[in-house]
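Written out below as structure tokens is the structure these notes cover.
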């Protein structure tokens, strides 16, 4: 496998949840080394796509390839693949009774036979990479939201994964903290030779650091291209999302979000 091969490839993928099709006919390639923004309104299926990329949700149809191989069906092979995928969760996922350093050390202790002195050194390096070496002994409750998010990033990087996936990394952060996190995503992507997929609805904070943008709405990919092309797109669906208009081709679901899936035959009748 050469570095010219995409690190992620989806071909004709359909994703179902609870007997309902959430995303359909999803085809995309993520080149190595890029920061790719996966954008869309709340409830559009972004997290469903993330679940397919990590193997949590098997595709109902089509093919999902990550790190140059088809998504494994066997649990042991899937767990091995996941070691190459770093995921920063929306809610940080930090264990509150562990210090920042202990949280970052968790993947290393669980998945490597490294001795404690080596793990301690690696943890210091990861915290230094996100600018937080000084808070190694602090507990999550003692950190600001932005700092906690950066500790979660350091933990996601612990095993040196070639692919990083960020699930709504800016949720709950103020504009300054959001800018710091996104600048860090770009810098780490370039300095560590990563590929980053940022799943978010924060358009204006994410596009400046992205190489490529994908917009998901109405159960499908409605745009794929450069951030500049996205901003210039005449597509009314894309423009509705970018402007945040309540009325337009993306229907708002009164149950609490935008309707992510295409209507069923019964609903369309």
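Every number in this text was worked out from the coordinates using simple rules, so none of it is lab data. Note that the structure is a prediction, hence the values are computed from the model and not measured. With ideal geometry, Cβ positions are generated from the backbone for all residues, glycine too; neighbour counts draw on all protein chains shown.
What to note about this one:
- Taking the longest Cα principal axis of the chain as reference, the axis of helix 116-129 is set at about 50 degrees.
- Modelled label reach - residue 204, point 7 Å along Cα→Cβ, segment 147-178 residues with backbone N closer than 17 Å: 170-178
- Segment 1-134, relative contact order in percent, only Cα pairs under 8 angstrom and at least six apart counted: 20
- With 0.36 nm allotted per residue and the present C-alpha distance subtracted, the residue 120-residue 79 stretch has 12.3 nm of extension available.
- Listed from fewest to most Cβ neighbours within 10 Å, the set 191, 206 follows the order 191, 206.
- Look at the alpha carbon pairs under 8 Å that are at least 6 residues apart: their mean separation over the length of segment 1-43 gives a relative contact order of 39 percent.
- Note on the chain: helix-only mean residue ellipticity at 222 nm, from DSSP H runs of 4+ residues weighted -39500 (n - 2.57) and normalised by residue number, equals -10000 deg cm²/dmol.
- Given their separation in residues at 0.36 nm each and the Cα-Cα distance between them, residue 144 and residue 229 gain 27.1 nm when the chain is fully extended.
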